[in-house]
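What follows is a single structure, written as C-alpha cells, with notes after it.
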Amino acid sequence: MLVAGSLLAQSTEEVTFKSYWHNGFNVTSSDNNFKLLFGGRLQTDWAFFGNDSELDNLFGGLNNGVEFRRARFFSQGTVYSKLNYKLEFDFSNGAAVFKDAYIGLSGLKGIGNIRAGHIKEPMRIEVLTSSKYITFMERAPGVDFVPERNMGIMVFNHTKRLTWAAGVFRRGDSQGNDKVANDELNLTGRLTFLALNNTDKKQMLHFGLAGSYRKPDSGAFEIKAKPAAHLAPTFVNTGAITGTSHINVLQAEAAFVSGPFSLQGEFITSTVTALNEATSKNEDYTFSSYYAYASYFLTGETRKYSAPGGFFSRVSPKKNFGQGGSGAWELALRYSKIDLTDKTYLGGNMSEITVGLNWYLNPVSRFMFNYVNADLKEVGKANIVETRFQVDF
C-alpha cells in the first residue's frame with residue numbers, strides 16, 4: 001500500500017513523498033534526494049547445556065537459560081542526496097547501547113565514501129554480515145580477536161569486482177563517549193575480490209584479506225571466547241598480556257555460492273608483541289582461529305551476496321509460509337577452532353562442531369535451531385542445544 005503526500009521543495013517545484021513497506025518502513029522523495037528507513041530486530045534465544053563433569057567442576061555448572069539476544073531499533077537514510085546516516089540502539093540488556101551510529105558522505109571523487117562514528121571495523125565477512133542474516137546463531141570464535149564496532153573514521157569504495165575499506169579507530173570496544181582516550185589509534189583495512197559472479201546460474205566466488213595494527217594505551221591485551229552460545233561462560237582466555245607494545249592481526253576469508261549450496265571460511269591470527277619479564281625483552285605471542293562451513297537450502301533458495309559491501313544480505317523465500325508455501329529451509333554444518341596457547345600464555349584450545357537448521361517463514365522472520373559440540377582440550381566437552389525466534393523489519 002502506498003501513501004503519498006507532498007512538501008514544498010526548492011524553488012517552485014513540488015517534491016512528493018511516498019511511504020511504503022519493504023522489509024521495513026520506507027519514506028522516499030520523488031527526486032530521490034531523501035530516502036529514510038525505520039526498523040529494528042528482536043531475537044529471543046533459549047539454550048540447554050549438557051556437559052562433562054570436568055566442565056561442570058571448572059565453571060560451577062552450566063545453567064540452561066533464555067535471553068533477548070538483540071532488541072534493536074534504528075533509523076537510517078540519505079538526506080540531500082550525498083549525506084547518509086544511521087542511528088541504532090540495542091535494548092537487550094535493559095539499557096540503550098549504541099550499535100551503528102554514524103554520519104557519512106557518498107559519491108566523493110577520488111575517495112568514494114567516508115563514514116565517521118560508531119561503526120564496524122572493516123574485517124571478517126561473518127562480522128560484516130548482519131546478525132539478521134548470519135547462518136548460525138553465533139559467529140565463530142574468530143569474532144573475538146578484534147572488536148566488532150569502534151569509534152572511528154573510515155573511507156571505502158567498490159568496483160564491479162573489488163571492494164576496499166580502511167579506517168582509523170579509537171581504543172578497545174569503544175561506545176563513543178571516551179572523554180579520555182589518550183593516544184591510542186588502531187588502523188584496520190580490508191580488500192576483497194569477486195572472482196566469479198554469474199547471476200544467471202546464481203554462482204559467486206569471493207576472496208578477502210584484512211589486517212589491523214593495534215596499540216593499546218593501557219599496555220595490556222586480552223583475547224577470550226565463548227563456545228557458539230551467548231549464554232555460555234568464557235571457555236578460553238589468554239588473560240591480561242601485560243607490557244603489550246602492539247598487536248598485528250591478519251585475516252583471510254573465502255566464500256562460494258552455487259545455487260542453494262554455499263561454502264564459507266575464515267582464518268585469523270593475532271601476533272602480540274609484549275614484554276617478557278623474565279628476559280626484559282619484547283617477545284611475540286601468536287594466537288589463531290579458523291572456521292569452515294557448508295550450507296544448503298532444501299527449498300532451492302540462494303544466499304544473497306552484496307557486491308558493494310563484500311558480505312551477505314537477506315534471504316527471501318520463494319514462497320512465504322502461510323501464503324501458499326512452506327518458507328525457506330536451510331541446513332548448515334560448521335567446524336571451528338581457536339588456539340589461545342603460546343609459550344607462557346596458556347589460554348586454552350577449543351574446537352567446535354555446529355549443526356544448524358533455519359526456517360525462514362518470510363523475508364523478515366525465521367526460527368533457528370543449533371546443536372553445538374564444544375571440546376575444550378584436556379578438560380571436557382559441552383553439548384549445547386539452542387533455538388532462536390527472530391523478526392526484523
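The values are calculated or read from the model by the stated rules, or taken from the named source; none is laboratory data. All figures in this text were calculated on a predicted structure; none of them were measured in a lab. We place every Cβ from the backbone using ideal geometry, glycine too, and count neighbours over all the protein chains shown.
Overview of values
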{"quantity": "Residues being in contact (Cβ under 8 Å) with a residue 60 or more places away in the chain and more than 22 Å from residue 224 (Cα to Cα) - total across the range 263-277", "calculated": "1"}
{"quantity": "Which listed residue is touching an Asp or Glu at 6+ places or on another chain (Cβ under 9 Å), under 20 Å from residue 187 (Cβ atoms) and aliphatic (A, V, I, L, M), from 231, 250, 209", "calculated": "209"}
{"quantity": "Test: residue in the range 300-307 that is of a type outside the set (Asp, Glu), in a strand (DSSP E or B) and touching a His at 6+ places or on another chain (Cβ under 9 Å)", "calculated": "yes"}
{"quantity": "Matching entry among 352, 378, 386 (being over 30 Å from residue 36 (Cβ atoms), of a type outside the set (Ser, Thr, Tyr) and part of a loop (DSSP other than H, G, I, E, B))", "calculated": "378"}
{"quantity": "Close pairs from the range 189-202: first at pLDDT 95 or above, partner basic (Lys, Arg), Cβ under 7 Å, at least 6 apart", "calculated": "193/161; 194/161"}
{"quantity": "Which listed residue, of 145, 156, is touching a residue at least 40 places away in the same chain (Cβ under 8 Å), among the aromatic types (Phe, Trp, Tyr) and more than 29 Å from residue 302 (Cβ to Cβ)", "calculated": "145"}
{"quantity": "Candidates 97, 127, filtered to the one that is β-branched (Val, Ile, Thr), within 17 Å of the chain's Cα centre (by Cα), surrounded by fewer than 17 Cβ atoms within 10 Å (Cβ to Cβ) and under 28 Å from residue 251 (Cβ atoms)", "calculated": "97"}
{"quantity": "Those residues of the range 275-292 which are buried (at least 20 other Cβ atoms within 10 Å of the Cβ) and closer than 27 Å to residue 204 by Cβ, in sequence order", "calculated": "289, 291"}
{"quantity": "Residue in the range 130-147 that is among the acidic types (Asp, Glu) and not assigned by TED's automatic domain parsing to the domain that holds residue 361 present", "calculated": "no"}
{"quantity": "Residue, farthest from residue 140 (Cα to Cα), within the range 314-347, restricted to residues that are touching a Gly at 6+ places or on another chain (Cβ under 9 Å) and of a type in the set (D, E, K, R)", "calculated": "319"}
{"quantity": "Within the range 19-53, tally of residues that are within 30 Å of residue 350 (Cα to Cα), surrounded by fewer than 17 Cβ atoms within 10 Å (Cβ to Cβ) and at pLDDT 90 or above", "calculated": "4"}
{"quantity": "Scope the range 255-266; condition crowded, with 16+ Cβ neighbours inside 10 Å and among the hydrophobic types (A, V, I, L, M, F, W, C); matching residues", "calculated": "255, 256, 257"}
{"quantity": "Selection within the range 244-272 - among the small types (Gly, Ala, Ser), modelled with pLDDT of 95 or more and more than 21 Å from the chain's Cα centre (by Cα)", "calculated": "258, 259"}
{"quantity": "Options 370, 358, 282; residue that is touching a strand residue (DSSP E or B) at 6+ places or on another chain (Cβ under 7 Å), in contact (Cβ under 8 Å) with a residue 12 or more places away in the chain and farther than 23 Å from residue 265 by Cα", "calculated": "282"}
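Residues checked against (1) free of Cβ contacts under 8 Å to residues at least 24 places away in the same chain; (2) assigned to a strand (DSSP E or B); (3) closer than 16 Å to residue 165 by Cβ; (4) touching a Gly at 6+ places or on another chain (Cβ under 8 Å):
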{"residue": "77", "(1), (2), (3), (4)": "no, yes, no, no"}
{"residue": "85", "(1), (2), (3), (4)": "yes, yes, no, yes"}
{"residue": "89", "(1), (2), (3), (4)": "yes, yes, no, no"}
{"residue": "98", "(1), (2), (3), (4)": "no, yes, no, yes"}
{"residue": "106", "(1), (2), (3), (4)": "no, yes, yes, yes"}
{"residue": "113", "(1), (2), (3), (4)": "no, yes, yes, yes"}
{"residue": "127", "(1), (2), (3), (4)": "yes, no, yes, no"}
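Conditions (1) outside the structural domain of residue 210 (by TED's automatic domain parsing); (2) basic (Lys, Arg); (3) over 25 Å from residue 30 (Cα atoms); (4) modelled with pLDDT under 95, marked per residue:
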residue: 76; (1), (2), (3), (4): yes, no, no, no
residue: 80; (1), (2), (3), (4): yes, no, no, yes
residue: 83; (1), (2), (3), (4): yes, no, no, no
residue: 90; (1), (2), (3), (4): yes, no, yes, no
residue: 101; (1), (2), (3), (4): yes, no, yes, no
residue: 111; (1), (2), (3), (4): yes, no, yes, yes
residue: 116; (1), (2), (3), (4): yes, no, yes, no
